[in-house]
1. Among the residues in region 35-51, are any surrounded by fewer than 16 Cβ atoms within 10 Å (Cβ to Cβ), part of a loop (DSSP other than H, G, I, E, B) and assigned by TED's automatic domain parsing to the domain that holds Met95?
2. When you look at Thr11, is it under 15 Å from the mean Cα position of the chain (by Cα) and within 16 Å of the ligand (Cβ to nearest atom), yes or no?
3. Any chance region 6-19 includes a residue that's among the small types (Gly, Ala, Ser) and at pLDDT 95 or above?
4. Looking only at region 73-82, decide whether some residue is free of Cβ contacts under 8 Å to residues at least 40 places away in the same chain, assigned to a loop (DSSP other than H, G, I, E, B), closer than 23 Å to Cys5 by Cα and within 16 Å of the chain's Cα centre (by Cα).
5. Taking His29 as the residue in question, decide whether it is within 25 Å of Arg87 (Cα to Cα), part of a helix (DSSP H, G or I) and in contact with a His (Cβ under 9 Å, 6 or more places away or on another chain).
6. For Gly62, indicate whether it is assigned to a helix (DSSP H, G or I) and loosely packed, with under 15 Cβ neighbours inside 10 Å.
7. Quick one: in region 14-25, of everything that is touching a residue at least 60 places away in the same chain (Cβ under 8 Å) and not polar (S, T, N, Q), which residue is farthest from the ligand (Cβ to nearest atom)?
8. Report, by residue number, each residue of region 38-71 that is closer than 15 Å to Leu88 by Cα, within 14 Å of the chain's Cα centre (by Cα) and not hydrophobic (A, V, I, L, M, F, W, C).
Amino acid sequence: MIAECTHILPTGKKCLQFALRGQPFCRPHMDPERRRHSEALHYLIDGIATLDLDALLEALIGLVEARRRKQIPPSHANAAFVAALDRLEVLRAVMHPEMAPEPATPSATNTSGGVQWNQTLPAARL
Ligand SMILES: [Zn+2]
């Protein structure tokens, strides 16, 4: 029987790759630095869900700066931006219940013409 990787992705889901023979992780997650980044992102995403508007704006500024300096990979930045947008939707619904979103697809809410929020995130190897 082939074992699966035991790493938990930033999304909270388990990695679905096969583990290397006799190892707990798949090839990408054998890298401890990669696992550390993934865990840090997991905590960041969890933390974003608790922020108030001011703290969320600070976090977004920090994320943009970190991405601009290439301190975090695009896939991690995308995951954090998606979490931040989810949080903004929640905060907006609290402040303006009349503006609560329809159950919309992310592409339907992207009217900025700039950043594409509906990019598909990689399912694994974050
Ligand atoms: Zn893995």
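1. Within region 35-51, one or more residues are surrounded by fewer than 16 Cβ atoms within 10 Å (Cβ to Cβ), part of a loop (DSSP other than H, G, I, E, B) and assigned by TED's automatic domain parsing to the domain that holds Met95.
2. Spelling it out, Thr11 is indeed under 15 Å from the mean Cα position of the chain (by Cα) and within 16 Å of the ligand (Cβ to nearest atom).
3. Yes: region 6-19 contains one or more residues that are among the small types (Gly, Ala, Ser) and at pLDDT 95 or above.
4. yes
5. So His29 does not fit the description; no.
6. Working: assigned to a helix (DSSP H, G or I): yes; loosely packed, with under 15 Cβ neighbours inside 10 Å: yes.
Yes: the conditions hold for Gly62.
7. Checking each candidate, the answer is Leu16.
8. Passing the criteria: Asp46, Gly47.
The values are calculated or read from the model by the stated rules, or taken from the named source; none is laboratory data. Model, not experiment: these values are computed from the prediction. Counting neighbours? That spans all protein chains shown, and the Cβs are built from the backbone with ideal geometry, glycine included.
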